[in-house]
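The values are calculated or read from the model by the stated rules, or taken from the named source; none is laboratory data. Note that the structure is predicted; figures quoted are calculated from it, not measured. Because the Cβ atoms are built from the backbone with ideal geometry, glycine has one as well, and the counts that use them run over all protein chains shown. Note: accessible area is taken over every heavy atom of the protein model, side chains too, but ligands, DNA and RNA are not part of it. Shrake-Rupley method; radii C 1.70, N 1.55, O 1.52, S 1.80 Å.
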There are 2 protein chains.
Amino acid sequence: MLQPPIPITHHECAGAMRSVRDALDFLGGKWKLPIIIALSGGPKRFKQLQREVTGITAKMLSKELKELELNSLLTRHVETQAAPVAVTYTLADYGEHLYPVIEALRIWGQLHRTHIMHPAAEAGAA
Amino acid sequence: MLQPPIPITHHECAGAMRSVRDALDFLGGKWKLPIIIALSGGPKRFKQLQREVTGITAKMLSKELKELELNSLLTRHVETQAAPVAVTYTLADYGEHLYPVIEALRIWGQLHRTHIMHPAAEAGAA
DNA sequence: CGGGATCCGATTCGATACTG
DNA sequence: CAGTATCGAATCGGATCCCG
């Protein structure tokens with residue numbers, strides 16, 4: 001059903017491992033991908049993000065947004081200087097390269113959930 | 001270039017987030033995907049895996065293999081009972097459902113590496 | 001060879017309180 | 001509103017030693 005997309009040779013296999021580990025080092029935390037998903041629905045404000053990304057604290061959200069901006073995945077825009085300040089976060093074009101990753105993880109997460117609940121059911125769920 | 005695969009409605013967006021977080025909770029560590037990649041080249045022994053998954057300690061490898069077996073991603077087979085024992089790990093059919101995830105992460109990891117080194121080069125690297 | 005046991009540092013993450 | 005500061009718990013992961 002699924003062909004192995006991973007090269008068989010030791011050398012190329014090590015290359016795949018390095019790329020996957022690079023990706024995981026950056027995306028591995030609990031929050032980065034959920035934040036990207038929330039922003040995929042359009043630009044959002046800080047408070048709005050905190051509501052949609054269930055369970056995140058202001059501290060973590062702030063930290064993750066900084067890292068995502070540093071890596072060009074989103075842009076930060078300050079709307080007004082006077083209090084109350086308004087800041088908008090927008091998913092950058094470059095950030096959309098994560099959609100395939102999110103899709104693959106979403107599909108597998110769904111499959112695995114059904115697999116855990118009633119084993120041998122993934123044939124019909126895939 | 002890339003259509004947003006994530007639903008726009010709040011409700012379905014939350015569903016995508018939950019699935020991605022489920023997947024990340026399980027795959028998020030440093031080692032599970034690299035182990036799967038190594039096993040994608042065929043069944044391997046414990047020591048052999050430790051050599052191919054660069055940097056992993058015996059403790060971590062043992063722990064991760066146990067979790068992967070519990071989740072039906074691989075099977076463990078004891079070849080000989082007499083010392084020295086020989087144990088073989090084989091990627092299960094169900095484990096191959098992770099190939100799309102690995103592919104997506106590998107592609108993005110590669111892209112992001114080039115992006116970090118010389119920005120604005122991802123148009124040609126994709 | 002294939003691990004388990006123990007100890008330990010490093011990092012992640014959350015709760016709470018506070019600021020411009 | 002949009003964060004920052006501080007504290008502390010929990011988890012992650014490595015080093016080392018040990019066993020069948």
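When restricted to residues that are within 20 Å of A:T9 (Cβ to Cβ), open to solvent by 20 Å² or more (accessible area, probe 1.4 Å) and within 13 Å of DNA strand D (Cβ to nearest atom), the range B:52-66 contains 1. Within the span defined as the range B:25-42, one or more residues are of a type in the set (F, W, Y), modelled with pLDDT of 95 or more and within 16 Å of DNA strand D (Cβ to nearest atom). The set of residues in the range A:67-86 that are within 11 Å of DNA strand D (Cβ to nearest atom), at pLDDT 95 or above and among the small types (G, A, S) contains only A:A86. Being under 19 Å from the mean Cα position of the chain (by Cα) and crowded, with 16+ Cβ neighbours inside 10 Å is a property that does not hold for B:L70.
The one condition from (1) open to solvent by 50 Å² or more (accessible area, probe 1.4 Å); (2) at pLDDT 95 or above; (3) within 16 Å of DNA strand D (Cβ to nearest atom) that A:L49 does not meet is (1).
When we screen B:E64, B:E122 for residues that are among the acidic types (D, E), modelled with pLDDT under 95 and in contact with a helix residue (DSSP H, G or I) (Cβ under 6 Å, 6 or more places away or on another chain), the only hit is B:E122. List the pairs whose first member sits in the range B:84-113 and is touching a residue at least 40 places away in the same chain (Cβ under 8 Å), whose second member is open to solvent by 10 Å² or more (accessible area, probe 1.4 Å) and part of a helix (DSSP H, G or I), and whose Cβ atoms are under 7 Å apart, counting only residues at least 6 apart or on separate chains? These pairs meet every condition: B:V87/B:F46; B:V101/A:A104; B:L105/A:L24. Screening the range B:30-97 for helices (runs of 4 or more DSSP H) wholly inside it with 2 or more residues that are in contact with a Phe, Trp or Tyr (Cβ under 8 Å, 6 or more places away or on another chain) and within 11 Å of DNA strand C (Cβ to nearest atom) returns the ranges B:46-52, B:58-70.
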